[in-house]
Amino acid sequence: MIEQYGWTDHFADVFKDKYEPSGFIAGRLILQQRGSYTVVTDEGQVTARPTGRLLHEADDIGQPCVGDWVALLMDEQAGIGTVQAILPRKSALVRRAIEDASRATQIIAANVDVAFIVTSLNADMNPRRVQRYLAAVRQSGARPVVVLTKADLVENAEDRIAEIKALDSGIAVVTVSARTGAGLDDFLSHVQAGETCVLIGSSGVGKSTLINTLLSEDRMVTREVRETDDQGRHTTSHRELIVLPSGGMLIDTPGIREVGLLDNEEGVAEVFDDVEELMTQCKFSNCSHTREPGCAVQGAIKSGDLSEERWTHFVQLRLEMAEAKDKIDRAARDVEKRRLAQSQKTYRATKRNYRGIKD
Ligand SMILES: Nc1nc2c(ncn2[C@@H]2O[C@H](COP(=O)(O)OP(=O)(O)OP(=O)(O)O)[C@@H](O)[C@H]2O)c(=O)[nH]1
Ligand SMILES: [Mg+2]
Ligand SMILES: [Zn+2]
């Protein structure tokens, strides 16, 4: 059963080693709603909740999210499961809102192979935003594919398609219309059996409609965009993984609310659990992982357990994250400065008025 959901030897090995001995069962989180999850296991679908401990640990790895492989403990009588642990993720779409950089990591989807960046060919299209999504997806090592929807609504799509293609030479761009069925085969060619794909993009671009069309049923709720400004209405509020008849999987997500949220804080980040684990095993706690004796990182590179490439990637990513954080701190300071300046101005003005009255 769970093979259908992308269970691989890799996860099976990890599970057998670490979780099976405790009597846990394996499952994939396929539906995430407020406070409760649906997990598919070999015995069928069960409702599950995370343990308090897991929620507590969520600061570091984020809470269990759609796409996660988890270890469950079943309460057979109640027919409910508790999520005891999250299996190490292969990849994760990470979101951190710019205004709360300190808050816990939020994961949009886990163990994703392909990220479809969905934008409609009419009003929503914004090449700069697509570029930001692309940069973020590229960092992760997940494959980005740009999906241009509502082809039936525009006359001359060619220019717009060219504009997107010009952003990045190797980029895959698919043009579809759920209305006419154009481009659906092209889209499906990117959804390999056994692979997990996620649809991301603004509200109203047609993510859920695309899934319904591929399933030939109204599985997802969809809603008209606002006529006045063509904006979506935030119809989808949960994250859900769907298996297509072809064997590939698609995760539907709620439209991203804030335009430009992706600027520097939202992206698909590869998860480097293994590297982080290694770094805790160095002889010296302040190891710089360059030439110290007993450095577990350099040791693993030498023995071939860790590729030089992956390490460099990790170091780069950490640097970028530090830079992004600096930027946020600077922005916060600027806001504070402006606020101060403003209140001083008000203060001076009141003082003047006060004097004016008195004099
Ligand atoms: N003409 C046309 N309309 C489309 C197409 N695809 C979707 N729509 C319409 O666009 C509107 C919004 O579609 P949804 O699928 O709800 O959009 P969504 O991306 O899931 O939006 P959120 O769930 O809010 O993030 C609906 O009225 C759809 O019928 C298309 O290919 N052509
Ligand atoms: Mg939707
Ligand atoms: Zn080290």
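Given the stretch 103-220, report the % of alpha carbon pairs whose separation exceeds 26 Å. I get 16 percent for the Cα pairs in the stretch 103-220 exceeding 26 Å.
Sorting the Cα pairs of the stretch 1-79 by distance into bins of 10 Å, from 0 upward, gives 17, 53, 28, 1 percent per bin. Under Stokes-Einstein, with the Kirkwood radius over Cα pairs standing in for Rh, what whole-number D in µm²/s applies to the stretch 162-243 at 4 °C and 1.567 mPa s? Result for D is 90 µm²/s. Put simply, when 173-181, 298-306 are sorted by average Cβ atoms within 10 angstrom per residue, most first, you get 173-181, 298-306.
A simple packing score, the average count of other Cβ atoms within 10 Å per residue, orders the peptides 157-168, 283-294 as 157-168, 283-294, with the highest score first. Pairs spanning more than 28 Å between alpha-carbon atoms, out of 18/207; 90/302; 16/207: 18/207; 16/207.
Values quoted throughout were computed directly from the atomic coordinates according to the rules given, and no laboratory measurement underlies them. Nothing here was measured: the structure is a model prediction, and the numbers come from that model. Using ideal geometry, Cβ is built from the backbone for each residue, glycine included, and neighbour counts are taken over all protein chains shown.
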